[in-house]
1. Mind counting the residues in segment A:116-136 that are in a helix (DSSP H, G or I) and more than 7 Å from every other protein chain (Cβ to nearest Cβ)?
2. Please go through segment A:138-169 and pick out each residue that is surrounded by 18 or more Cβ atoms within 10 Å (Cβ to Cβ) and hydrophobic (A, V, I, L, M, F, W, C).
3. Give all pairs with beta carbons closer than 7 Å in which a residue from segment B:306-323 that is within 22 Å of B:Leu32 (Cβ to Cβ) meets a residue that is modelled with pLDDT of 85 or more and part of a loop (DSSP other than H, G, I, E, B); count only pairs at least 6 apart in sequence or on separate chains.
4. Considering only residues that are touching a Pro at 6+ places or on another chain (Cβ under 6 Å) and part of a helix (DSSP H, G or I), which ones fall in segment B:239-268?
5. Exactly one condition in (1) in a helix (DSSP H, G or I); (2) more than 10 Å from chain B (Cβ to nearest Cβ); (3) farther than 23 Å from A:Glu148 by Cβ; (4) charged (D, E, K, R) is false for A:Arg66; which is it?
6. When you scan segment A:104-115, how many residues do you find that are at the interface with another protein chain (Cβ under 9 Å from one of its Cβ atoms) and buried (at least 21 other Cβ atoms within 10 Å of the Cβ)?
7. Going through segment B:109-139 one residue at a time, which ones are farther than 19 Å from B:Ile177 by Cβ and at pLDDT 80 or above?
8. Take segment B:47-69 and flag every residue that is small (Gly, Ala, Ser) and facing another protein chain (nearest Cβ under 10 Å).
Amino acid sequence: MRLISRLVLAAAFALAAPAFARDVTDHGGYVVEVPDAPQRILSLHDWTLTVMTRELDAPLIASAGRLAPDGSTFIRGARELFGLDFDAIALASIHGKPDLERIRSLKPDLIVANIGDYGPLREQLSTIAPTLMFDAENGDKPFDLYREYAGWIGRQARFDALKAAYDKRITEARQKLPKTLMDGNYSAILANERDGTLTLLKEYGVQTTVLDDLGMSRTALAQSVPDGQSRMTIGAELIGEIDADLIVTSYLPESGEKPESIFSALARIAPGYEIFLRAHEAKRIFSFSRYEIYPPSFRGADIFLDKLEAELR
Amino acid sequence: MRRHFTIRLGSAVHFPIDLRPALVLAVLSILLCIGMLYALQLGSTALSMNDVIRWLLPWQDADAETSAIMLLRWPRVTVAILAGAMIATSGYLLQVVSRNGLADPGLLGISQGGMAAVVIGAALFGLSPAWLAFASLAGGFATALFVMALAWRLSSATGLILVGLAVGIALSAAIEIIMVRGGILQFARWLAWSHGSLTSVSVGNAGMVALWAAVLLPLSLIASGQMMPLLLGHEQAAGIGASPRRLSLLLTMMAAALVAPIVAAVGPISFLGLIAGHIARTLVGERPGAVMPVAMLCGALILLIADTVGRTLFLPVIVPAGILVSIAGVLAFLIAARLSRSSR
């Protein structure tokens, strides 16, 4: 009897072994042994990792979430793009306030986290499950990072299918949008009213990805953002340097911002900005919901293209 | 009623013990033990006290589930107790040296010096976590020496605090510049760390802090026996044969060394040194030999309670212990300032 049980155990181990067959080097430079096909993925960054995992149809069991002003919790980005909420998956932690015990109680077989918030917790997270650190702003193009992530969790084929559909949509959009504009340049910015600065974005989710793929070029200042970084903070006196055929920015609905908030922000940061920006004169300063354009997501890219086409029609 | 008793070992060795400090120490020790048990029991995952006690007893087998949860809890509880004691000791040492009850490693810029060294070491030179405590120590030492040198000529306790505050503000600004230049993600990481959270404490951190505590806490207790003359002021202390300047320098260095590993492991915990020192003096009077151990236990208890409350009371939100201690600290600071003004 004992022999039989040992044989059963040995067989179980033999079958289980291939589940941990891949080594992945994450963005922290750690080599992590991950399951070939993870079955219980826990994401600790909602609007990058949760969005990508959901879009890749990978088995996501829990995500970090945010607290709304009324005390409820929501999944930033994934709520807007996929209608994902905490009825469908479990709450892993409130963003930036990790609860290791809660994470452990969810019994994940793979944890994915962003290195900016969870780098110092890697050692503890790794005692719970294999943990991969993702850096959304290491200067690489968002869809290159997305492809890499799909490989980490064994969803390369799904990514390739989504990418093919996206490439087709870009080709169609190029034909629909004004050619003069597509041959021009663009600036992607954030206006920081609090400290009176502007952030010039080199890589910012699907916003910069789509405009690059449409064939638009960047301003000289945007090209000067150092390698390995995705953004650069500049003073308001450089407002003229961000001028381009198209200026795009974004707003955060949960902070009470609206698409037109950019104009009051620019007026406050750089009074008289209208004189310096021909994009303003041509009515080509557009603001989009950050929930939709920051996540690296093909659904987000579709929504961005829809809105861009509507604005330029 | 007798206020002290003496333990006699033969005819040569006598230990006179004051009754009040002994009683206070006993009560605080019991409270700390109870607090530790509850801190180990409470958390997102429910555990019974029986599970905790079985896990603590080496001859009992704890189940795997309890052991796995404890792997997340015990380093945190250990660091809360040791860090609380070390910060409280550091604060009290600085209060004696500066002859100002409002002194604290944060107010004298020592914490910021340690933070600046950690940030520069990690962000600019990519130092590994094992070396960050030493970087923090070097930063804390350098800042302490700098502040003392600047305040030397002022010859007043308030001058030391003012110089410390100014240096601390300048260092905080320098840290922000470094972090903003490092990009938004690095800045977010810095913000989380600067709140003084024990969430990221690992077994390795607990070992490192325990090692420093094992050396520095007994040394501080020994040093407390030599600190009485400093309470009289430098001139009077020198008049009775003490070396106040040398002693002040040594105690300041010791204060910097006590906060160095804590800054490296959990970030700065503001005001704890101030609160613990005040509570200890209120409980047992001014004699450093009595105040020091009581301050250690008060600091340990306060940080343990703050961390346990922060990670259990507001779930699913985890509130960093540093924030809760700061709230309590600001209130204590205002009360202390009010009391010191009315006593003048």
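The values are calculated or read from the model by the stated rules, or taken from the named source; none is laboratory data. Here the structure is a predicted model, which is why all the values come from computation and not from measurement. Virtual Cβ from ideal backbone geometry, glycine too; neighbours counted across all protein chains shown.
1. 5
2. The answer is A:Phe143, A:Leu145, A:Ala150, A:Trp152, A:Ile153, A:Phe159, A:Leu162.
3. B:Thr308/B:Leu42; B:Arg311/B:Gly43; B:Thr312/B:Leu42; B:Thr312/B:Gly43
4. Once the filter is applied, which keeps residues that are touching a Pro at 6+ places or on another chain (Cβ under 6 Å) and part of a helix (DSSP H, G or I), segment B:239-268 yields only B:Val259.
5. A:Arg66 satisfies every listed condition except (1).
6. Applying the first criterion (at the interface with another protein chain (Cβ under 9 Å from one of its Cβ atoms)) to segment A:104-115 yields A:104-105, A:114-115.
Right, trim to buried (at least 21 other Cβ atoms within 10 Å of the Cβ) and you get A:104, A:114-115.
Of the residues in segment A:104-115, 3 are at the interface with another protein chain (Cβ under 9 Å from one of its Cβ atoms) and buried (at least 21 other Cβ atoms within 10 Å of the Cβ).
7. B:Ile110, B:Ala138
8. Across segment B:47-69, the qualifying residue is only B:Ala68.
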